[in-house]
Amino acid sequence: MEEVPEHGKFAVNFTEKSVVKAANPLPKPQRLTLSNLDLLSGRFPVTYFYFYHNPERVCFSSIMESLKSSLAETLSYYYPFAGQIVQNPNTNEPEIICDDNGALVVEGHANISLKKLDFYNLDQFLQGKLVSLNTEFPLQVQVTRYTCGGISITFTFDHALGDASAFGKFLVSWSEIAQRKPISCMPDHRRNLLARCPPTYHPSLDQTFVKCTIEEIINMPTTQILLKRLYHIDVSSINRLQQLACDSGNKRTKIEAFSAYVWKIMVTAIDERHQKCKMGWLVDGRGRVHGAEDLMSNYIGNVLSVAVAEGTIAELKQGSLSDVASNVHDSISKVTNEAHFLDLIDWVECHRPGLMLSSIVLGRGGPALVLSSGRRFPVAELDFGFGGPVLGTVCTTVEKIGVGYMNQRPSARNDGSWTVSAILWPELAAALESDSIFQPMSASLLRL
């Protein structure tokens, strides 16, 4: 492992805060009603971390000037991101007021070099150092300079603005503008995922999703300490798992194979009093709702559902990787279709207003882990004019969650390897790290 500073030695001195507004704002404020799938995703903050070596040693003041001016241009296209999210007193539901309130940009200076960061321990990044939170701004950016001249940029979005696909489009557009390139995505802000009349849905959705109160979210069962960790998964390990998952002659994706491996490891790190456990997957509905994918490819908002699979501890332990991968595949296949998403939109319609979540995230029904795949999420290509990143990943500042959680992203190496951020109970972290597949992230793995 890389040498890291003693606990408490890593510090960031915040030097400036500014509000960036759109270069070409709307002529007058607009009110954007959230879709049913926006309401289901909730108001959780989502933070993306990007680290840059800055090999050309571009000066920090020039970087800040370029980032702010290109952000202002980007907000002209993504105007809801510069708005405010408020509660509508008539519907008692949140909505976006597109009034060019602006995005918050925070500048900071770290007292160490990038090499000395403990990239494995994401908790270190989240403790008031690399993430600044201000609920008045749905989009917040922190740019931090390190003693080596390297840079980190953290982007924090309110989930009501969109999902990973929407945020990826925003970040790519910003980087294109920063490089003086034409933007490749003209964002669609219509939020036109409407319920049918009358709304109808398959009764199985009542088991997967629940209406809940803020008290139930605050008091969700979490008997375990949760650790936030970052791992490197080498392309050779991914390919080997996929080969094992395809042993039965069935074609399985890399994510299905990886999920089967994680699930089999997970059952070894569960309290013996449990006889079953679950795994869940976030599924993007773009390309499944309204037919062809290109009709929704630029849709900005949330289009997410959750696939859930359950297995007994015995069958998960005894089954081959191929057997477990078949369970994974079958469970995900049940929600990757238009009928499921139309039903889900209608389910929300029948349960409005109020808070709604997937049961698995609330920690109901025993031990579980949710996996989010970001294989198309931009990492290596996110260049703002001072070179590509050495790392791009995602985590959340949320302190309480009822499940283990993993988020897969392509490695900045662009060689087929992955970066996996994870929220794990200690026994599961230890079990995963006992094998060679999950490599704790380090400066040497990032080739710093």
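The values are calculated or read from the model by the stated rules, or taken from the named source; none is laboratory data. What you see is a predicted model, and the numbers here were worked out from it, not measured in a lab. Please note: Cβ atoms are built from the backbone with ideal geometry, for glycine as well, and neighbour counts cover all protein chains shown. Note: accessible area is taken over every heavy atom of the protein model, side chains too, but ligands, DNA and RNA are not part of it. Shrake-Rupley method; radii C 1.70, N 1.55, O 1.52, S 1.80 Å.
Relative contact order of region 1-112, taken over Cα pairs closer than 8 Å and 6 or more residues apart, is 50 percent.
Globularity index of the chain is 0.96 (Cα radius of gyration / 2.2 N^0.38 Å, N = number of residues). Note on region 78-237: Kirkwood hydrodynamic radius from all Cα pairs is 19.7 Å, rounded to one decimal. Helices in the chain, meaning DSSP H runs of at least 4 residues, each add -39500 (n - 2.57). Divided by all residues, the mean residue ellipticity at 222 nm is -7500 deg cm²/dmol. Membrane-span-like helices in the chain, defined purely by DSSP H runs whose alpha carbon atoms cover 24 Å or more axially and whose average Kyte-Doolittle hydropathy reaches -1.0, are 60-77.
Sort region 338-417 into rounded, prolate or oblate with this rule: let a ≥ b ≥ c be the square roots of the eigenvalues of the Cα gyration tensor; rounded if a/c is under 1.5, and if a/c is not under 1.5, prolate when a/b is larger than b/c, oblate otherwise. It comes out prolate by the Cα gyration axes.
Fully extending the segment from residue 236 to residue 218 would add 2.4 nm, taking 0.36 nm per residue of separation and subtracting the current Cα-Cα distance.
Here is the size of region 35-138 from its Cα atoms: Rg then Dmax, 17.2, 54 Å.
Ligands, DNA and RNA are left out, and with a 1.4 angstrom probe the accessible area of region 39-90 is 41 Å² per residue.
Between 34, 67, 26, the Gaussian network model of the chain with springs among Cα atoms under 10 angstrom shows the greatest mean-square fluctuation at 26.
Expressed to the nearest 5 percent, the antiparallel share of DSSP beta bridges inside region 66-188 is 65 percent. Averaging the sequence gap over all C-alpha pairs within less than 8 Å and six or more residues apart, then dividing by the number of residues, gives the chain a relative contact order of 23 percent. Between residue 250 and residue 317, the simple spin-label model (points 7 angstrom out along Cα→Cβ) gives 2.3 nm. Taking every alpha-carbon pair under 8 Å whose residues sit at least 6 apart, region 69-176 reaches a relative contact order of 26 percent. On the principal axes of its alpha carbon atoms, region 73-118 extends 51, 27, 13 Å, with the longest extent given first. I'd like the Kirkwood hydrodynamic radius of region 328-368, using the inverse of the mean 1/r over distinct C-alpha pairs, in Å. About 12.1 Å for region 328-368. Couplings for region 406-413, taken from phi via the Karplus curve 6.51 cos²θ - 1.76 cosθ + 1.60 with θ = phi - 60°, read 10, 10, 9, 9, x, 5, 5, 5 Hz in order; Gly and Pro are left as x. The slack between residue 188 and residue 202, meaning 0.36 nm per residue of separation minus the straight C-alpha distance, is 2.1 nm.
Between the amide H of residue 417 and those of 235, 411, distances stay under 5 Å, these residues lying 5 or more places away or on another chain, with hydrogens modeled in the peptide plane.
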